[in-house]
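Quick notes on the structure that follows.
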Amino acid sequence: MICQECKQRPATMHFTKIVNGEKTEFHLCEQCSKEHGHMFMLYGNDDFSLNNLLAGLLNFQAPMKEMTANAFPNPDLLQCETCKMTYHQFTQIGRFGCADCYRTFARYLPPILKRLHSGNNAHSGKIPKRKGGVLHLRKQLAVLKQKLQELVAREEFERAAEVRDQIRSLEDELRQRGEGDM
């Protein structure tokens, strides 16, 4: 594909712009992309960086203070013993200064991680088959328990009884395998 701007070099940058529901695609070479300011993420721009993006996501001071006010002391007073980074600096920069920061700020991370990961704070990805025998069973058990709750809420008691029996069977299998796998 040839650059839409100069019509000479191969297009290596592909952009999709959506404004008021109207989608426009751009196919530009690297040089034209730089000239039009589309390369700010790759070549660095003080106005925007991945760190600034994360810091912006973390910079939700009012909700964060409301959530932590009752449970924890003022997090802005916390400081890492190793690198001397404060919690306030972390929320501004969007990354930790050292490995010890994780331990220092551990009690404040769950709400932040939950926000960054769209409400999820447990991994729900794929599990390798050869290593995940018990993990697969536990995942299947969690799915069945959720399904059971939904069936009971919809008052589908016959199907709920079937799912309950499947849950009991899986729990028995987990008890048997748990001693062998652990």
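The values are calculated or read from the model by the stated rules, or taken from the named source; none is laboratory data. Treat the numbers as computed from the prediction; the structure is a model and nothing was measured. Here the Cβ positions follow ideal geometry from the backbone for every residue, glycine too, while neighbour counts run over all protein chains shown.
Given the criterion buried (at least 16 other Cβ atoms within 10 Å of the Cβ) and modelled with pLDDT of 80 or more, identify the matching residue among M13, M64.
Values: M64 fails: modelled with pLDDT of 80 or more.
Selected residue: M13, the only one of M13, M64 that is buried (at least 16 other Cβ atoms within 10 Å of the Cβ) and modelled with pLDDT of 80 or more.
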message: Pull out all pairs, ordered by first then second residue, where Cβ-Cβ is under 6 Å, the residues are six or more apart or on different chains, the first lies in region 17-44 and is at pLDDT 75 or above, and the second is of a type in the set (G, A, S).
response: H27/A11; L28/A11; C29/A11
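Scan region 155-179 for residues that are more than 13 Å from K145 (Cα to Cα) and of a type outside the set (G, A, S) and report the count. Spell out the reasoning first.
Start the filter on region 155-179 by keeping residues that are more than 13 Å from K145 (Cα to Cα), which leaves 155-158, 172-179.
Cutting the leftovers down to of a type outside the set (G, A, S) gives us 155-158, 172-177, 179.
So the count comes out to 11.
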